[in-house]
């Protein structure tokens with residue numbers, strides 16, 4: 001009898017924990033969706049009001065800022081992206097968060113030819129060992145910051161098995177390597193390919 005009661009209450013506790021986890025997921029997702037909507041509307045007052053609400057306590061400060069950063073990136077709003085980067089720099093981020101976020105910031109500065117800022121984030125990524133799984137970061141740094149072409153052959157091999165969403169970035173890097181190598185015809189060829197694949201990618205994303 002006592003064993004049956006223990007099992008009974010054990011089942012109840014497991015069910016309660018499961019319900020609480022589902023509620024946590026639903027509340028968190030609802031808050032994030034409302035934050036995304038406010039960010040897309042560029043309504044800072046609405047965003048801040050949602051972010052300070054009681055249920056927003058289920059969403060970390062990092063995730064709230066990540067919503068702003070992601071939406072600003074989609075809208076290509078450089079001012080908002082910079083504001084998010086500055087706020088991220090004031091946060092105590094975990095290494096796992098940095099590994100996901102810093103490559104994006106690195107490429108943001110690469111795209112704007114801001115070598116000092118790109119170098120700063122490259123050094124952080126190197127410290128975190130990200131280059132071991134993100135060869136594109138290493139190649140991009142060599143091509144755009146060091147103005148080298150040491151990864152050209154490797155980049156051309158990677159291009160053969162690249163996914164459609166990887167083509168524009170890789171082709172732009174190859175173009176830059178050929179430019180650094182003073183082979184302008186090939187540089188222009190891969191720049192045109194990068195532009196074409198970028199347009200195709202954006203067209204698919206709008207569907």
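Points worth noting:
- Residues in the stretch 35-76 that are within 15 Å of the chain's Cα centre (by Cα) and either loosely packed, with under 13 Cβ neighbours inside 10 Å or not in a helix (DSSP H, G or I) (or both): 74, 75, 76.
Conditions (1) in contact with a strand residue (DSSP E or B) (Cβ under 8 Å, 6 or more places away or on another chain); (2) crowded, with 20+ Cβ neighbours inside 10 Å; (3) at pLDDT 90 or above; (4) not in a loop (DSSP other than H, G, I, E, B), marked per residue:
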position	(1), (2), (3), (4)
91	no, no, yes, no
98	no, no, yes, yes
107	no, no, yes, yes
113	no, no, yes, no
117	no, no, yes, yes
121	no, yes, yes, yes
137	no, yes, no, yes
150	no, no, yes, no
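- The residue that is nearest to residue 85 (Cα to Cα), counting only those in the stretch 152-166 that are loosely packed, with under 15 Cβ neighbours inside 10 Å and under 18 Å from the mean Cα position of the chain (by Cα), is 165.
- Cβ separations smaller than 6 Å between residues 6+ apart or across chains give the following pairs from the stretch 167-189 residues that are over 18 Å from residue 150 (Cβ atoms) to residues that are surrounded by fewer than 18 Cβ atoms within 10 Å (Cβ to Cβ): 168/198.
The values are calculated or read from the model by the stated rules, or taken from the named source; none is laboratory data. Small disclaimer: the values here were computed from a predicted structure and weren't measured. A quick note on method: Cβ atoms are made from the backbone with ideal geometry, for glycine too, and the neighbour counts reach across all protein chains shown.
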